[in-house]
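Have a look at the structure below before the remarks.
The values are calculated or read from the model by the stated rules, or taken from the named source; none is laboratory data. Source: prediction; values computed, not measured. Here the Cβ positions follow ideal geometry from the backbone for every residue, glycine too, while neighbour counts run over all protein chains shown. Note: accessible area is taken over every heavy atom of the protein model, side chains too, but ligands, DNA and RNA are not part of it. Shrake-Rupley method; radii C 1.70, N 1.55, O 1.52, S 1.80 Å.
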Amino acid sequence: MSPDGPNFLLPAAATVGLGTRPFGVYVHVPFCATRCGYCDFNTYTAGELGSSASPASWLEALRIELATAAALLGGPVVDTVFVGGGTPSLLGGDGLAAVLEGVRAGFGLAPDAEVTTEANPESTSPEFFERIRRAGYTRVSLGMQSAAAHVLAVLDRVHSPGRPVAAARQARAAGFEHVNLDLIYGTPGESDADLDRSLDAVLTAGVDHVSAYALIVEDGTALARRVRRGETVAPDDDVLAERYERIDARLAAAGLRWYEVSNWAASDSARCRHNLGYWAGGDWWGAGPGAHSHVGGVRWWNVKHPARYAEALAAGRLPVAGSERLSAAERHTEEVMLGIRLADGLPVSVLAPGERIAADRAVQDGLLGTSAGRYVLTARGRLLADGVVRDLLA
């Protein structure tokens with residue numbers, strides 16, 4: 001099978017050591033029931049796709065891509081799987097089981113593999129959780145965003161405010177030890193009281209992982225158009241900083257500690273190993289429309305539209321839209337940019353002499369601390385993490 005993209009190249013050097021370090025598979029499910037106003041992900045509603053693509057055609061193409069990927073790479077055993085989207089739970093329990101079977105048939109799974117799926121609370125049920133748990137999923141990430149109905153309305157979210165907590169409890173009852181709830185903070189119209197209600201709900205759900213992201217107004221989204229027309233206001237940076245501190249304090253008091261700027265876990269085992277692979281510059285194959293992959297310093301990405309994706313694979317071509325081979329300088333930039341966001345910190349040895357001077361200056365400014373030969377963001381530094389990175393790499 002040949003690549004679809006004319007510039008795609010996976011040199012032999014990129015696969016040296018493959019299989020001796022953790023390897024992940026990301027599966028992109030491009031289907032959504034409705035389009036959220038803030039979302040710029042590669043997703044499609046049934047009305048947007050028409051008859052050009054369907055979950056069935058996507059799944060058949062996905063099986064082909066996974067089998068081809070395993071053959072191309074020599075079949076490294078998969079340590080982590082993450083099924084994202086889109087709305088993976090729209091596939092139902094049987095559909096998600098088929099996705100995991102495609103990964104297992106192509107690559108094989110490590111005995112202790114972490115297998116995560118995202119889910120919209122409204123498209124889950126006790127039976128759904130029981131089915132995917134039997135199939136081999138070990139972790140569920142539920143999109144909550146907020147417990148305030150008017151905030152959900154601004155975000156165009158369709159679930160009821162209480163459903164995420166109920167879904168989290170159902171997942172735990174089905175045998176999931178690791179359950180995550182996603183929050184978005186800083187939505188126009190959200191008050192401190194609204195955020196407190198959301199945090200109260202999260203903490204009553206009994207989850208061992210929380211992700212919290214500041215609302216970003218992405219170009220091309222419905223929210224961006226509303227902001228541009230003056231119908232709503234963009235999130236305020238000072239408000240976002242205050243909300244982040246509020247979230248961190250509440251979660252820390254409940255025993256959930258930050259391990260990445262936007263992620264908190266109750267224990268080391270509750271951390272998302274798949275995402276840690278991204279932040280550590282690991283290897284993964286991204287399967288599905290628009291999915292990105294990285295192996296040994298080579299990055300590539302698939303065509304976005306599900307119909308083009310399926311057509312390429314049916315014709316015996318990998319659906320690659322483009323690729324790049326990262327230079328040593330680019331890989332260093334990413335190592336610093338991603339590593340500094342982790343609570344484990346960035347080894348001093350990673351930085352060049354000039355960068356260490358900048359890091360020491362950040363220590364003096366109270367943005368970084370030092371621990372066991374590593375630079376670690378302080379609480380204030382987490383609020384200014386992007387600026388810290390720019391200063392280090394200047």
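In the stretch 137-218, the ratio of gyration radius to Kirkwood radius, Rg to Rh, stands at 0.97 when only Cα atoms are counted.
Using Cα pairs closer than 8 Å and at least 6 residues apart in sequence, work out the relative contact order for the stretch 136-276, in percent.
Values: 194 pairs, mean separation 33.3, N = 141.
Over the stretch 136-276, the number comes to 24 percent.
Between the stretch 181-245 and the stretch 36-98, the C-alpha centres lie 28 angstrom from each other.
Considering only Cα atoms, the convex hull volume of the stretch 299-394 works out to 133 Å³ per residue. Across all directions, the average projected area of the convex hull around the alpha carbons of the stretch 196-250 is 4.8 nm².
Per residue, how large is the accessible surface of the stretch 342-394? Use a 1.4 angstrom probe and give square angstrom.
Numbers: 2790 Å² over 53 residues.
Per-residue value: 53 Å².
Can you give the convex hull volume of the alpha carbon atoms of the stretch 44-86 per residue, in Å³?
Working: hull volume 3.4 nm³, N = 43.
Dividing the Cα hull volume of the stretch 44-86 by its residue count gives 79 Å³.
For the chain, what Kirkwood radius comes out of the mean inverse Cα-Cα distance, in Å?
22.1
Sorted from greatest to least, the principal axis extents spanned by the alpha carbons of the stretch 284-327 come out as 32, 15, 15 Å.
In the stretch 19-108, the C-alpha radius of gyration followed by the widest Cα-Cα span (Dmax) gives 14.2, 44 angstrom.
A compact globular protein would have a Cα radius of gyration near 2.2 N^0.38 Å; the ratio found for the stretch 238-345 is 1.40.
This model, with +1 at the C-beta of Lys and Arg and -1 at the C-beta of Asp and Glu, gives the chain a dipole about its Cα centre of some 460 debye. Per residue, the average separation of C-alpha pairs within less than 8 Å and at least 6 apart gives the stretch 213-311 a relative contact order of 11 percent.
For every helix of n ≥ 4 consecutive DSSP H residues, a contribution of -39,500 (n - 2.57) applies; sum these over the chain, divide by its total residues, and give [θ] at 222 nm rounded to the nearest 500 deg cm²/dmol.
Details: 15 runs with 156 residues, N = 394.
Result for the chain, helices only: -12000 deg cm²/dmol.
When you restrict to C-alpha pairs under 8 Å that are six or more residues apart and normalise by the size of the chain, the relative contact order lands at 18 percent. Please label the shape of the stretch 56-189 as rounded, prolate or oblate, based on the square roots a ≥ b ≥ c of the eigenvalues of the alpha-carbon gyration tensor (a/c under 1.5 means rounded; beyond that, a/b larger than b/c means prolate, else oblate). In terms of gyration-tensor shape, prolate.
Rounded to a whole number of µm²/s, how large is the Stokes-Einstein D of the stretch 80-133 at 25 °C and 0.890 mPa s, given Rh as the Kirkwood radius over C-alpha pairs? Working shown, then result.
Details: Rh = 11.5 Å.
The Stokes-Einstein estimate is 213 µm²/s.
Dipole check for the stretch 187-236: with +1 at the C-beta of Lys and Arg, -1 at the C-beta of Asp and Glu, and the Cα centre as origin, the magnitude is about 360 Debye.
For the chain, DSSP calls about 40 percent of its internal beta bridges antiparallel.
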